[in-house]
Amino acid sequence: MNVLEKEDVIRGLEKCKRLAKQDLLASTLTSNPEFWNKQAEVRRETYGELIVLVQEKGIEAAKNYALKSFAKLPPQSGDLPEVRGQRQALKMFFTILGLDERIALQEARGSAGMEIPSVATQASL
């Protein structure tokens, strides 16, 4: 298993933050500029928060923060741009860390005392 160094994670987050800034600038060219502007702005802010956390407290602290934040997000139906932006940024952070989103969500909810139905249970719903 490869272990990521702080600087590697920070570089990845900085690249994502730059992409969010590009999306922010391009949002005026979309059919719904307010939505896409806010979504990109929130992604950029979330990446910034994660960068600071990694720099000051380390990868594990940033991961724990991201897991708790991800678990608190409402379901994906009818997302507000703020929710969608934060969800996308957190998912990308998990990807940088090499975490599967589903496993990350289970870990977050499990540590918060929340039960997640199994895939078989969800299929029968």
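Structure values in brief
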{"item": "Residues within the range 20-30 that are surrounded by fewer than 12 Cβ atoms within 10 Å (Cβ to Cβ) and of a type in the set (A, V, I, L, M, F, W, C), tallied", "result": "2"}
{"item": "Filtered residues of the range 31-84 (kept if more than 28 Å from Q106 (Cβ to Cβ), touching a helix residue (DSSP H, G or I) at 6+ places or on another chain (Cβ under 7 Å) and surrounded by fewer than 13 Cβ atoms within 10 Å (Cβ to Cβ))", "result": "P33"}
{"item": "Among the candidates L29, L80, L19, L97, residue that is over 10 Å from the mean Cα position of the chain (by Cα) and in contact (Cβ under 8 Å) with a residue 60 or more places away in the chain", "result": "L97"}
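Each reported figure results from applying straightforward, stated rules to the coordinates on display, with no laboratory input. Small disclaimer: the values here were computed from a predicted structure and weren't measured. For neighbour counting, all protein chains shown are included, and Cβ atoms are generated from backbone atoms with ideal geometry for every residue, glycine included.
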